[in-house]
Amino acid sequence: MYDSAWEASDAFHLDSSPVVAAWVKNDHLGFEILYIYKGVVHKYRPDFIIRLQSDDMLVLETKGQDTMQDQTKRRFLREWAKAVNDHGGFGRWHTAVSTTPDDIQDILEKYSGRTNG
């Protein structure tokens, strides 16, 4: 199940990438980040959760627009990942946003451990 052709394209790249060990579309999984925007608590459900061959985890959002609310969501997600990484008991987590359908390979390479990204 995909919310857009872009997400379907990303899924194809995730399936065929040698740096991806496993991935899941974050739909009905219960993985959500609470965030506050304009004084109201909201739930943010990033699009994909990816386990890389390095055993690092990557939370990936596909987003063409970049509103203030989107920036707030990602700030809370980065804070969540930092807290999880600081704890040290749940592996290493990264967050990324895909801003065009063509950047998925670069994002995967950046967090794969194969480059200096």
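Restricted to region 1-43, and to residues that are acidic (Asp, Glu) and either touching a Ser or Thr at 6+ places or on another chain (Cβ under 8 Å) or part of a helix (DSSP H, G or I) (or both), which residue is modelled with the lowest pLDDT? Explain how you work it out, then say what you get.
Of the residues in region 1-43, the ones acidic (Asp, Glu) are 3, 7, 10, 15, 27, 32.
If we keep only those that are either touching a Ser or Thr at 6+ places or on another chain (Cβ under 8 Å) or part of a helix (DSSP H, G or I) (or both) too, we end up with 7, 10, 15.
Values: GLU7: 81, ASP10: 87, ASP15: 93.
My answer is GLU7.
All but one of (1) in a loop (DSSP other than H, G, I, E, B); (2) within 14 Å of the chain's Cα centre (by Cα); (3) exposed (fewer than 14 other Cβ atoms within 10 Å of the Cβ) hold for PRO46; state the number of the condition that does not hold.
Exception for PRO46: condition (3).
Just give me the residues in region 49-74 being in contact (Cβ under 8 Å) with a residue 40 or more places away in the chain, surrounded by 13 or more Cβ atoms within 10 Å (Cβ to Cβ) and of a type outside the set (A, V, I, L, M), in sequence order.
Hits for region 49-74 are GLN53, SER54, ASP56, THR62, LYS73.
Of all the residues that make up region 82-110, how many are touching a Lys or Arg at 6+ places or on another chain (Cβ under 9 Å), of a type in the set (Val, Ile, Thr) and not in a strand (DSSP E or B)?
2
The values are calculated or read from the model by the stated rules, or taken from the named source; none is laboratory data. Model, not experiment: these values are computed from the prediction. Every residue, glycine among them, receives a Cβ derived from its backbone with ideal geometry; neighbour counts consider all protein chains shown.
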